[in-house]
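Encoded as C-alpha cells, the structure appears first; notes follow it.
The values are calculated or read from the model by the stated rules, or taken from the named source; none is laboratory data. This structure is a prediction, so every number in the text was calculated from the model and none was measured. Cβ atoms come from the backbone with ideal geometry, glycine included; neighbour counts cover every protein chain shown. We work out accessible area using only protein heavy atoms, side chains counted, and drop any ligands, DNA or RNA first. Shrake-Rupley method; radii C 1.70, N 1.55, O 1.52, S 1.80 Å.
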Amino acid sequence: MQRNFFILTFFCWYILCHESLLMAQVPHFEEVSEERGIADVGSITHLYGNGAAAADFDNDGDIDFYLTTDDGITDRLYENNGHGYFIDVAEQKGIAELKNNRAALWFDYDGDGRLDLVLAGENCVSLSCKNPVHLALYKQLENGQFEEMAAAAGLILGNAFDNVPFYAIGGFAAGDLNGDGFLDLVLSVWGGGIKLFQNNGDGSFFDKTEAAGLTMEAKTPWQAMLYDFNDDGRLDIYCNVDFAPNKLWINQDGTFLDKAAEFGLDNSFDEMGMTMADSDNDGDLDIYITNITRTYQGQGQHNLLYEQQQVNGQLKFKETAKGQGVSQSGWDWGTTFADINNDGRQDLLATNGLINYLWPADSSHLWLNTKAGFVDVSDQCGFNDPFNATTLLAFDMDGDGDEDILQTLKSSQFSKRPVRLYENQLENVNNHGNFINLRPRMEEGNNRYAIGCVVTLKAKGFVCTRLISAGCSFYGQEPAEAFFGLGQHNDIQEVVVKWPNGEVSIYLNPAINQTVTLVYDFINRPTDLMAVLNEGQIELDWKDNSTDEIGFFLYKSETPDFAEVKRITLSENATHYTDEEVEQAKTYYYKVRAQKMEVSSDDSNIARVAIDGGKEGKSEATLVQPNPIQNNNLSIQSYAAYQGPIQLSLFDLTGKLAWSAVASKSTDFVKFDYPIQLPNGAYLLLVKLGEAHEWHKVII
C-alpha cells in the first residue's frame, strides 16, 4: 500500500511539473482585428460563410490577404504595411466584386511572375437555378492593377451546375497537373462535383474534367489538395467528400484513377476542412481532416489524422486521431498545422460552428504537439472563441518570427467583423524556439512560386517537411512559404527542396531567425557509386554527370541513415577516392553529392562495404551484367542492405516504359535473371528499393 502511495505521489508530481513546463511554453494569442485595420461589414454570410486567401500579392516581402464577402458587399483586398497592419485596396487596384463569393485563390496563371486572383461563389441556392455558380479571374497587370479576364480565359461554367438540388462552392486548388510548367485549376462544388480547368499556356483554360476521368458518384466534395502521393513526378488530387468516401485521384499522365482505398484514404464521414504537414517529424507529409463529432446512421464520426507510412515498400496512411487526442472538437470547418511555439513540432488548429438551434455552441481548438502527444491548450492560449467560423489560416503577418492566425466568421453576436486576426505573443514566453521561414522561388519559367514543391529541413536529430501548395483549409489559402520552428537548434545542416519538375536541390547551412528565399538552382547528381575493399583500404568510384560543379562532397557513415557523418571535400571532376581510414569488423556507408556555389545535388546511390576479418567487403550497389546485354537475358545483382520489394523499370530514351517487374529481396545479396524481348539500343533502368532508388544505363 505504501509503495502504491509513493508511486501515485510521484505520478502526480510528474504530471504537475510536466503541465507547468508545458503551460510555460504555450504563447497567448491576442485578438487584434480592429486595431490592425479590419473593418465591419453590413452583413456576414451565414451557413457556410466566406473564405480568405493569403499571399504576398504585391511582392514586397510581407503577407497580404483577400477576403470574400456577402452579396452586395465589396470584397476586401487587405494590403500589409510590413508590420501586420492592413488597409483595403480592392477598389484602388481595380477589383470591385459585389457578388457572394466564397472561395479565393492567388496563382500566377500566365507565368509572368505576378500573382493573379480567381474567385468563385453562388448566385442562388435553389433547384433549377440557371448558371448558379459564378467565376471571376483578375489578372494582375504590370502596373499593379487588376483586370477581370474570366470569359476571355475560358473560365466559363455555363450550365454545368444547373438543376442541382443544392450546392455550395467547396474551394480551389492549383498546381501543374500535366507537367508543362503552367498551373492548372481545380474547383470543387458541393452538390456538383469537381471541375478541372487545364491551363493552355497562352492565358486560357479548357475544361478537361470529363476527359481526365474525374467522375464522382456522390457529388459532394469540399476542399481538394494537390500532392504527388506516389512519388512519380506528377501531382495527384486528394479531395475530401461529404457523406461518401474521399477521393484520391492518382495522375496517370493526364487522366486520373481513384486509388483512395489503396492508400487508406477513403474514409466516408462528413469531411470538410483539410491540411497537410509533417505532424510526427519523420520527413513525410501527414493529413488532418475536420468532420462533425457525432453519431450518424449508427456510425461514430470524428476528425481524422492520417499519418503517412511505408508498409512493405508501399505508401499507406494510418488513421490515428483518437490515439493522438485530436478526434473530437464539434462541428468543424477550417483547419491548419502551425508551430505556434517554435519548438519544431507542428501544432494543430481547428475552427467550427453551425448556426442551428439543434446544435450546441462549440469553440475553436488548438492542440499543442508535445513529445507525449497532442494536448488541448485552447483555453490557455486564448484560441477558444465560441463563434461560428469557416476558414482558418496561419502565417507570420507581422514578420516577428512566429505564426499568427486568421479566422473568417459567419456569425457573431458581438460585431459585424468578418475576420478575426490573432497575434501570437510568443515573445513573452521564456525559452521560445528559433525559426526559419523559407520561400522557394523559380525566377524563370512559368511556376515562379514553386507551387507543388516539397521542402525538408534537417538539423542534428531533427527533420521536418512542408508542402508549398495553393489551396487548403476550407475556402482558404496560405502563403507559398514554409515556416519551421527549430526549438533550441541554432543551426541547420541542410534544406532539401524537391522542385515541381522533380529535380532536387540541397541548400547547406542557411541562416536562421529570418526569412530566406531559396532561388532555384540545380546540378545533376553523381551515379553508379561503387565501393570495393582492396588491400585494407576502400576504393570508391562514381560517375560525374555534371559539367558545372566546383567539387564534390563524399559522405561517410557507420549507419545507413547517415546520422553521424564525416564529410570529405573533393575537387571538381573527381570520380575516385581512396579511403584509408577503415577498421576491421566495421561496416561503412558512402554517398556522393556534386557541389555548386549555392546548392548541392541530390545524393548518389548509397555504397556499403562490410569489412570482416580482412576478407573482401561487399559493395551496396546494383549491377547489370553483362552490359551490353546479350541473348536477351537481363541479370541484376543487388548488394543493398535492404529487404523488401524491389521495383525494376526499363525506360527507352524517350521516357516510355518498356519493361517492368517487381522482385522480392530477403537477403543483402540477391541475383535476378529475366528474359526480355526488346529492340536493341540504350535504355535506363530504375531500381527502387523502398524509399531509395538508383538509375543505370543499360545497353541491349
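Across the stretch 578-586, in residue order, what do the Karplus-derived ³J(HN,Hα) couplings come to in whole Hz, using 6.51 cos²θ - 1.76 cosθ + 1.60 with θ = phi - 60° and x for Gly and Pro?
Karplus-based 3J(HN,Hα) across the stretch 578-586 equals 10, 9, 8, 8, 10, 10, 5, 6, 10 Hz.
Between beta-carbons, use under 12 Å as the cut-off and find the net charge around Asn281, counting Lys and Arg +1, Asp and Glu -1. Please list the in-between numbers first.
On the way: positive: Arg345, Lys371, Lys458, Arg466; negative: Asp278, Asp280, Asp282, Asp284, Asp286, Glu307, Asp339, Asp343.
Local charge sum for Asn281: -4.
Can you list which of the chymotrypsin sites (Phe, Trp or Tyr not before Pro) found in the stretch 380-427 are DSSP loop residues with at most 13 other C-beta atoms within 10 Å?
Sparse-neighbourhood loop chymotrypsin sites (Phe, Trp or Tyr not before Pro): Phe414.
Which cross-chain or sequence-distant (5 or more) residues have an amide H under 5 Å from the amide H of Asn131, H modelled 1.01 Å from N in plane?
Here Asp162 satisfy the definition.
List, in order, the whole-Hz ³J(HN,Hα) value for each residue of the stretch 316-333 obtained from phi through the Karplus relation with A = 6.51, B = -1.76, C = 1.60 and θ = phi - 60°; use x for Gly and Pro.
9, 10, 10, 7, 10, 4, 5, x, 8, x, 10, 8, 10, 7, x, 9, 8, 10
Which peptide among 77-86, 678-687 comes first, and what is the full order, when sorted by highest mean count of other Cβ atoms within 10 Å?
Those peptides, ordered most packed to least, come out 77-86, 678-687.
Taking H placed 1.01 Å from N in the peptide plane, check which residues at least 5 places from Trp659 or on another chain put their amide H under 5 Å from its amide H.
Leu650
For the residue pair Gln493 and His693, what label-to-label distance in nm results when each label sits 7 Å from Cα along the Cα-to-beta-carbon direction?
Once both label points are built, they end up 2.3 nm from each other.
Taking a probe of 1.4 Å, how large is the accessible area per residue of the chain, in Å²?
Numbers: 28590 Å² over 700 residues.
It amounts to 41 Å² per residue over the chain.
Only bridges with both residues in the chain count here: give the DSSP antiparallel percent, nearest 5.
Working: 181 of 188 bridges.
Beta bridges within the chain, antiparallel portion: roughly 95 percent.
Around Glu307, what is the net charge, scoring Lys/Arg as +1 and Asp/Glu as -1 over all other residues with Cβ under 13 Å from its Cβ?
-3
Which entries of Lys656/Lys697; Lys322/Lys371; Lys316/Lys591; Lys259/Lys316; Lys591/Lys656; Lys208/Lys247 have Cα-Cα distances beyond 22 Å here? Could you put the intermediate results ahead of the total?
Details: Lys656/Lys697 15 Å; Lys322/Lys371 17 Å; Lys316/Lys591 28 Å; Lys259/Lys316 11 Å; Lys591/Lys656 29 Å; Lys208/Lys247 18 Å.
Too far apart for the 22 Å limit: Lys316/Lys591; Lys591/Lys656.
For the chain, which span is the longest to avoid every loop-located (per DSSP) member of trypsin sites (Lys or Arg not before Pro) having at most 11 other Cβ atoms inside 10 Å?
Formally, the longest exposed-site-free interval is 131-370.
What does the charge count around Asp207 come to, taking other residues whose C-beta lies under 13 Å from its C-beta (Lys +1, Arg +1, Asp -1, Glu -1)?
So the environment of Asp207 carries a net charge of 0.
Counting only residues 5 or more places away or on other chains, whose amide H sits under 5 Å from the amide H of Gly690 once H atoms are built in the peptide plane?
Placed amide hydrogens put Gln647 under 5 Å from Gly690.
Please give the contour-minus-distance gain from Ala211 to Asp282: 0.36 nm per residue of separation, less the Cα-Cα distance, rounded to one decimal in nm.
Gain on extension, Ala211 to Asp282, equals 21.8 nm.
What are the lysines whose alpha-carbon lies under 21 Å from the alpha-carbon of Lys130, with same-chain residues fewer than 8 places away excluded?
Reachable lysines: Lys99, Lys195, Lys219.
Can you compute the charge dipole magnitude of the stretch 87-185 about its Cα centre, using +1 on each Lys and Arg Cβ and -1 on each Asp and Glu Cβ, nothing else charged? Give it in debye, rounded to the nearest 20.
Numbers: 6 positive and 15 negative charges, 90 e Å.
Its charge dipole is roughly 440 debye.
Once both labels are modelled 7 Å past Cα along the beta-carbon direction, what's the Ser635-Ala151 spacing in nm?
Result for the modelled spin labels: 7.1 nm.
Just to confirm the number: angle between the C-alpha axis of helix 2-24 and the first principal axis of the chain, 0 to 90 degrees, nearest 10?
Helix 2-24 and the main axis of the chain meet at about 70 degrees.
Students often get this wrong, so try it: which of (1) 14, 43, 31, 10, 2, 0; (2) 14, 37, 39, 9, 0; (3) 17, 48, 29, 6, 0 is P(r) over Cα pairs in 20 Å bins from 0, in percent as calculated from the structure shown?
So the structure-derived entry is (3).
What nm distance separates the two modelled labels at Asn430 and Phe672, each placed 7 Å from Cα along Cα→Cβ?
Those two pseudo-labels are separated by 5.8 nm.
Please state the shape class of the stretch 551-598: rounded when a/c is under 1.5, otherwise prolate if a/b exceeds b/c and oblate if not, all from the C-alpha gyration tensor. All intermediate terms of the calculation are to be shown ahead of the outcome.
Values: a/c = 3.05, a/b = 1.64, b/c = 1.86.
Taking the square roots of the gyration eigenvalues as a ≥ b ≥ c, the stretch 551-598 is oblate.
What GluC sites (Glu not before Pro) in the stretch 437-526 are in a loop by DSSP, with at most 13 other Cβ atoms within 10 Å of the Cβ?
Glu443, Glu444
Work out how much length Leu508 to Gln309 would gain on full extension: take 0.36 nm times their residue separation and subtract the Cα-Cα distance, in nm to one decimal.
Length gained, Leu508 through Gln309: 68.9 nm.
For the ranges 275-281, 374-380, what's the packing order if you count other beta-carbon atoms within 10 Å of each residue, average per peptide, and put the highest first?
275-281, 374-380
May I ask you to list the aspartates and glutamates whose Cα is less than 17 Å away from that of Lys416, ignoring any residue fewer than eight positions away on the same chain?
Glu31, Glu34, Glu35, Asp40, Asp70, Asp71, Asp75, Asp88, Asp385
In deg cm²/dmol and to the nearest 500, what is the mean residue ellipticity at 222 nm of the chain if only DSSP H runs of at least 4 residues count, each as -39500 (n - 2.57), divided by the residue total?
About -1500 deg cm²/dmol.
Compute the length gained on full extension between Phe166 and Ser415: take 0.36 nm times their separation in residues and subtract their Cα-Cα distance, giving the result in nm to one decimal.
Contour length minus Cα-Cα distance gives 86.7 nm.
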